[in-house]
Amino acid sequence: MTAEILFLLIIGIIIFNFIIDKYLDALNAKHYDDPIPTELDDVYDEAEYKKSQSYKKTNYKFGIWSSLFSLILTLGFLLFDGFEFVDTIARSFSDYSIVIALVFFGIIMLGSDLISTPFSYYKTFVIEERFGFNKTTRKTFILDKIKGLIMMAIIGGGILALIIWFYQQTQDLFWLYAWGIVTLFTIFMNMFYSRLVVPLFNKQTPLEAGSLRDKISEYAKSVGFNLDKIFIIDGSKRSTKANAYFSGFGNEKRVTLYDTLVNELNDEEIVAVLAHEVGHYKRKHIIYNLIASIALTGITFFILSIFISNPLLSNALGVETPSFHVGLIAFGLLYSPISELTSLVMNHLSRKFEYQADDYAKHTYAAEPLVTSLKKLSKNSLSNLTPHPSYVLAHYSHPTLLQRVRNLRRTTY
């Protein structure tokens, strides 16, 4: 295979992925005006349903234009040797390969962020604002961007530097060391993300003593679950949308409730949501997801190790001097179809886990409070109640609201 053929293959993959993605979006959009299923006819009134339809259509149109812009920019960058241009700039800073790689990716990431920021700004301050979701100030928006870039530079740059160093030292075996680094980092972040990273962006406060905490403690005790770390996060500083999540394991396990969720739901519904999160822990979903993620990372690094030394990867992107960092970009583009397939598998697994967590909440607490909470949260976020099955298969990590309601109300043992 020549560099020219590999280049055409990369272009073909990018265009194919775009076409498939837009086709699924169009299929989904055709169902925006479908009648609401009987089980969900109490989610929206007529005015609210029209608002949800308008929100979905607005996002759909915005998604078409933003992704089309991204496609044209990516193809233009490839066709006009953008990677060669950036690589030349990076090499003007140093002769040391790790420094060159860090400068190269720094330019790529910063440029990408600068280009995407106007779209992110429009999404936040025009679309989300228009439909009453946005609570983010421009100051918070800018600070979030700066903090994100700094974290990317420190953490991402550090991991990349280590991986390249191991590649230089071990060549074919570098993937084992790279896998080990990423595995340790993944486990560390699973353990301490809420304690170390979240405070950089949000304020977390322990749930105060009162009826809600008493009910949560009573439920946790009834299922033999030691839960003393329950936090409220100020999600309302950015959006009216609500959420809750479980993080960590061992002594670091904790439940985080958005203040918007606490304000939106009653105590029984909050405990039901919490029971769902406990179900994830009891069914070991966090561990299974962690193992699956680590295994996929290892497979990816192994495949990368087979091809990364081939100069065709760099040459396919128009870069004359072969390097690890340019090869990594080419590999990522070529690997994207496999990533799409693994994403389908992971989404299927995630939906299965959601059913199991719902069942756990149903059998250890109650089904109806979880049903009403899910309906309220869907209404709060103007969710699509009638998505196309193919779109769900490709993009949904959770079952649809209709599927979850039917499952929760299904009579079992």
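Can you tell me which residues in segment 218-233 are within 23 Å of residue 190 (Cα to Cα) and open to solvent by 40 Å² or more (accessible area, probe 1.4 Å)?
Hits for segment 218-233 are 224, 226, 228, 229.
Looking only at segment 357-365, decide whether some residue is within 21 Å of the chain's Cα centre (by Cα) and open to solvent by less than 50 Å² (accessible area, probe 1.4 Å).
Within segment 357-365 (the criterion being within 21 Å of the chain's Cα centre (by Cα) and open to solvent by less than 50 Å² (accessible area, probe 1.4 Å)), the answer is yes, since at least one residue qualifies.
Counting residues that are open to solvent by less than 20 Å² (accessible area, probe 1.4 Å) and closer than 15 Å to residue 223 by Cα, which helices (runs of 4 or more DSSP H) fully inside segment 267-318 reach at least 1? Spell out how you get there, then give the answer.
On the way: elements: 267-282, 285-307, 311-316.
In segment 267-318, the matching helices (runs of 4 or more DSSP H) lie at 267-282.
Restricting attention to segment 319-343, and to residues there that are surrounded by fewer than 18 Cβ atoms within 10 Å (Cβ to Cβ) and among the small types (Gly, Ala, Ser), which single residue is farthest from residue 7 (Cα to Cα)?
343
Select from segment 141-175 the residues that are touching a residue at least 60 places away in the same chain (Cβ under 8 Å) and either touching a Gly at 6+ places or on another chain (Cβ under 9 Å) or on the phi > 0 side of the Ramachandran plot (or both) and write down the one among them that is surrounded by the fewest Cβ atoms within 10 Å (Cβ to Cβ).
Among residues in segment 141-175 that are touching a residue at least 60 places away in the same chain (Cβ under 8 Å) and either touching a Gly at 6+ places or on another chain (Cβ under 9 Å) or on the phi > 0 side of the Ramachandran plot (or both), the one surrounded by the fewest Cβ atoms within 10 Å (Cβ to Cβ) is 171.
Can you name every residue in segment 368-386 that is open to solvent by less than 20 Å² (accessible area, probe 1.4 Å) and in a loop (DSSP other than H, G, I, E, B)?
Within segment 368-386, 382, 385, 386 meet the criteria.
Among (1) loosely packed, with under 12 Cβ neighbours inside 10 Å; (2) in contact (Cβ under 8 Å) with a residue 40 or more places away in the chain; (3) not aromatic (Phe, Trp, Tyr), there is one condition residue 6 misses while meeting the rest; what is its number?
Residue 6 satisfies all of (1) loosely packed, with under 12 Cβ neighbours inside 10 Å; (2) in contact (Cβ under 8 Å) with a residue 40 or more places away in the chain; (3) not aromatic (Phe, Trp, Tyr) except (1).
Can you name every residue in segment 180-217 that is free of Cβ contacts under 8 Å to residues at least 12 places away in the same chain, farther than 16 Å from residue 155 by Cβ, open to solvent by less than 50 Å² (accessible area, probe 1.4 Å) and assigned to a helix (DSSP H, G or I)?
180 - this is the single residue of segment 180-217 that is free of Cβ contacts under 8 Å to residues at least 12 places away in the same chain, farther than 16 Å from residue 155 by Cβ, open to solvent by less than 50 Å² (accessible area, probe 1.4 Å) and assigned to a helix (DSSP H, G or I).
Can we say residue 365 is among the aromatic types (Phe, Trp, Tyr), under 30 Å from residue 133 (Cβ atoms), out of contact with any Cys (no Cβ under 6 Å at 6 or more places or on another chain) and free of Cβ contacts under 8 Å to residues at least 60 places away in the same chain?
Details: among the aromatic types (Phe, Trp, Tyr): yes; under 30 Å from residue 133 (Cβ atoms): yes; out of contact with any Cys (no Cβ under 6 Å at 6 or more places or on another chain): yes; free of Cβ contacts under 8 Å to residues at least 60 places away in the same chain: no.
Answer is no for this residue.
Is there any pair linking a residue in segment 117-140 that is over 18 Å from residue 236 (Cα atoms) to one that is of a type in the set (D, E, K, R), with Cβ under 8 Å and at least six apart or on different chains, and which?
As it stands, the answer is 117/145, since those pairs meet every condition given.
What about residue 114, is it out of contact with any helix residue (DSSP H, G or I) (no Cβ under 7 Å at 6 or more places or on another chain), free of Cβ contacts under 8 Å to residues at least 24 places away in the same chain, open to solvent by 30 Å² or more (accessible area, probe 1.4 Å) and within 21 Å of residue 74 (Cβ to Cβ)? Working first, answer last.
Working: out of contact with any helix residue (DSSP H, G or I) (no Cβ under 7 Å at 6 or more places or on another chain): yes; free of Cβ contacts under 8 Å to residues at least 24 places away in the same chain: yes; open to solvent by 30 Å² or more (accessible area, probe 1.4 Å): yes; within 21 Å of residue 74 (Cβ to Cβ): yes.
Criteria met by residue 114.
Can you pull out the residues in segment 69-105 that are touching a residue at least 24 places away in the same chain (Cβ under 8 Å), buried (at least 18 other Cβ atoms within 10 Å of the Cβ) and over 21 Å from residue 312 (Cα atoms)?
102
Residues of segment 245-297 being within 18 Å of the chain's Cα centre (by Cα), within 16 Å of residue 229 (Cα to Cα) and small (Gly, Ala, Ser), which ones?
Matches in segment 245-297: 247, 248.
The values are calculated or read from the model by the stated rules, or taken from the named source; none is laboratory data. None of these values were measured; they are calculated from a predicted model. Don't worry about glycine lacking a Cβ; one is built from the backbone with ideal geometry, like all the others, and counts go over all protein chains shown. With ligands, DNA and RNA removed, areas are computed over all heavy atoms of the protein, side chains included. Shrake-Rupley method; radii C 1.70, N 1.55, O 1.52, S 1.80 Å.
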